[in-house]
Amino acid sequence: MIARDDEFARLQAHNAELERVVETYRRVFEHAPVGMSIATADGVFVDINPSGLRLFEMERDEVIGRTAAELRLDEAQTAAQAAELGAELVTRGSIRDARQFFRAKSGALRPVALHVDPFEVQGETRYLSTFLDPTERGRAEELLRASEERLREAQVIAQLGSWDWDLRTGAVSRSAELLHIYGVTRESIESSNGLSSDHIHPDDRARVQAIVDDAIKTRQGFSCEYRCVRSDGVRLVQSKSRMVLGAAGEPLRMVGTVQDVTERKLVESRLMLADRMASVGTLAAGVAHEINNPLAYVISNLDLIAEEIRAMSGDPGPGRLQELSDLIGEARQGSERIRKIVRGLKTFSRADAERRLPLDVHPVLDVASNIAANEIRHRARLVKDYGDMPLVSADEARLAQMLINVLVNAAQAIPEGHADRNEIRVTTRTDTAGRAIIEVRDTGSGMTRDVQARIFDPFFTTKPVGIGLGLGLSICHGIVSALGGDITVESEVGKGTLVRVALPPAPVDAPIPESAPATPTRARKVARILVIDDDALVGKTLRRALKDHDVTVLSDARDARDRLAAGERFDLILCDLMMPEMTGMELHAVLSATIPEQAACMVFVTGGAFTPSAMEFLEIVANERIDKPFDLKTIRDLVHRLLG
């Protein structure tokens with residue numbers, strides 16, 4: 001009895017499962033949006049769904065038990081068409097997408113795409129027929145085309161192309177906008193197997209290929225930026241991808257997007273420059289203070305020297321000579337302080353294109369702390385705890401901007417007064433991964449978790465209106481991320497904040513800028529030197545500095561042009577870059593076209609390249625340059641080196 005009960009239970013479970021399957025089938029059959037019917041091998045209808053009845057314009061009891069011929073559904077079908085369908089069913093075992101006309105009960109002809117598939121029911125063959133209204137399919141296809149067109153329009157607006165790479169076959173499909181971004185035709189790029197790199201700037205190809213290879217190896221997506229070379233110029237694009245894996249985790253396809261980010265990068269660079277200028281404005285009072293202090297005793301000492309010289313008569317005596325020497329030395333120290341402040345500002349505010357070079361972070365930290373000094377000194381002690389760290393590959397101005405923002409934020413987190421009780425500690429070291437670590441820890445007010453979660457969001461700030469735009473830390477995050485590093489924050493309310501920046505080391509094969517070799521302060525050869533500067537005092541200074549040479553000083557580049565055109569020749573030409581009547585750039589262009597050997601002898605003496613044309617000129621010209629203010633040793637060593 002127990003066995004019979006078990007068998008009965010199994011039968012009940014089987015019947016319940018069968019009823020569930022039948023109910024599922026019935027729901028699909030009844031609610032299908034296309035006409036469906038089931039017929040015997042003789043063509044007698046045994047079932048039909050509501051969509052099929054609407055197509056035939058009949059009731060269910062009119063259809064069941066009758067054939068298509070009896071219902072006059074196939075009156076529009078010729079004998080040849082019927083024979084062709086029968087032959088297809090016999091040879092293929094099914095009918096696919098046969099275009100037919102059924103005559104509805106009203107007499108109207110209904111076009112359909114007919115599909116027929118056989119199946120077995122208790123040993124008997126049944127045929128499932130599907131009647132798809134081509135007009136419905138046409139509407140669906142039209143909707144699909146409209147959707148694809150909207151996608152194309154969206155890609156054009158966003159300047160975003162897409163691609164799909166089959167890793168098994170190497171075939172790649174690309175959207176029209178992708179081809180437009182690359183500036184290529186479909187025929188030229190699809191002749192290659194896999195992702196083509198012909199359109200990528202030659203200097204970027206190896207890096208991009210390494211990123212793609214690593215993504216395939218690690219079975220992950222990638223994100224990178226590179227330059228795209230087109231017939232109308234060079235564009236900057238950003239490519240992102242993700243990996244499509246098979247059931248066993250094997251890589252099947254890689255799909256991705258490419259976006260033209262040229263304009264966005266231009267806006268970002270202007271925004272970064274605006275942020276630097278805003279920071280300089282915030283620190284202007286401190287900078288003025290830093291400059292005015294050494295300038296005060298430079299001027300005073302020079303006045304005292306002048307008085308002493310006027311008062312001297314006969315032998316001045318060793319005591320007075322020592323006093324003069326001390327005054328000159330103090331003035332020299334003050335001048336050096338001013339020069340460092342000005343150079344720091346020039347580094348920070350530079351607006352030219354980003355140039356990544358292997359850098360020692362410590363001098364950049366010193367520049368940043370000098371600029372931020374006035375913000376810090378009234379709030380906290382600045383402690384530098386420098387350790388060993390590798391060179392990093394970075395742009396000096398961008399790195400300085402990031403460090404200044406971090407230092408200023410640390411200072412502004414501490415109320416003014418009681419500077420002796422608070423501290424901003426700058427620590428540098430190397431972590432276990434070989435990265436350069438910069439930590440700025442303050443004893444300020446700290447942050448809540450909610451504030452910490454948003455500090456890198458653009459335009460988020462907790463400072464009063466007019467103090468900040470909320471861009472500083474957002475831009476810091478962007479700068480550090482672009483360098484392949486990380487910036488993190490640890491903070492506790494009432495206990496202060498720690499900002500940690502981790503930067504990857506510069507590649508071992510990266511070129512390190514060479515400093516000029518040490519040379520004697522005196523040149524061995526008397527040379528003809530032409531000095532061109534619209535500031536007469538600069539010309540006099542250079543003449544005195546190079547008094548062992550035959551020096552000619554002119555204040556107008558046009559006079560130099562005329563004298564050179566008349567046949568005068570010089571071993572070296574020290575020329576100011578920016579002058580009112582004729583610039584050093586313009587003189588260089590004239591000499592390059594007429595007397596190229598004299599153009600090659602030019603050295604540009606500049607107080608700063610403040611125009612786009614000047615910055616571009618200094619980027620491409622091969623001539624030496626020297627920045628104002630300069631000291632005697634620097635100018636004499638340069639002349640000695642160039643004269644050999």
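Since every read-out is calculated from the coordinates, none of them should be taken as a lab result. Here the structure is a predicted model, which is why all the values come from computation and not from measurement. So basically every Cβ, Gly included, is an ideal-geometry build from the backbone, and we count neighbours across all protein chains shown.
Between their Cα atoms, which of Lys384/Lys495; Lys217/Lys240; Lys540/Lys633; Lys384/Lys628; Lys540/Lys628 are more than 23 Å away from each other?
Numbers: Lys384/Lys495 20 Å; Lys217/Lys240 16 Å; Lys540/Lys633 16 Å; Lys384/Lys628 29 Å; Lys540/Lys628 14 Å.
The answer is Lys384/Lys628.
Excluding Val258 itself, what net charge comes from residues whose Cβ is under 11 Å from its Cβ, given Lys and Arg +1 and Asp and Glu -1? List each step's numbers first, then the result.
On the way: positive: Arg174, Arg235, Lys240; negative: Glu177, Glu225, Asp260.
Surrounding charge for Val258 is 0.
Express in whole angstrom the spacing between the alpha-carbon centres of the stretch 548-591 and the stretch 197-225.
49
Can you list residues from other chains, or at least 5 along the same chain, whose modelled amide H is less than 5 Å from the amide H of Ile626?
Amide H neighbours of Ile626, under 5 Å, 5+ apart: Phe604, Val605, Thr606.
Peptides 405-418, 202-215: what's the order by average Cβ count within 10 Å, highest mean first? Numbers along the way, then the final one.
On the way: 405-418: 19.9, 202-215: 13.6.
So the peptides 405-418, 202-215, ranked by packing, come out 405-418, 202-215.
Two decimals is fine: what's Rg over Rh for the stretch 80-132, C-alpha atoms, Kirkwood radius as Rh?
With Rh from the inverse mean 1/r over Cα pairs, Rg/Rh is 1.04.
For the stretch 528-643, what relative contact order do you get, as a whole percent, if you take Cα pairs closer than 8 Å and at least 6 residues apart?
23
Starting from the amide H of Arg429, placed 1.01 Å from N in the peptide plane, find each other amide H under 5 Å away whose residue is 5 or more places distant or on another chain.
Sorted by chain and number, the residues that satisfy this are Gly387, Ile437.
Take peptides 494-505, 69-80 and line them up by average Cβ neighbours within 10 Å, highest first, as a rough protection proxy.
Peptide ranking by packing, descending: 494-505, 69-80.
For the peptides 559-571, 575-587, what is the packing order when you average, over each peptide's residues, the other Cβ atoms within 10 Å and list the highest mean first?
Put in order of decreasing packing, that is 575-587, 559-571.
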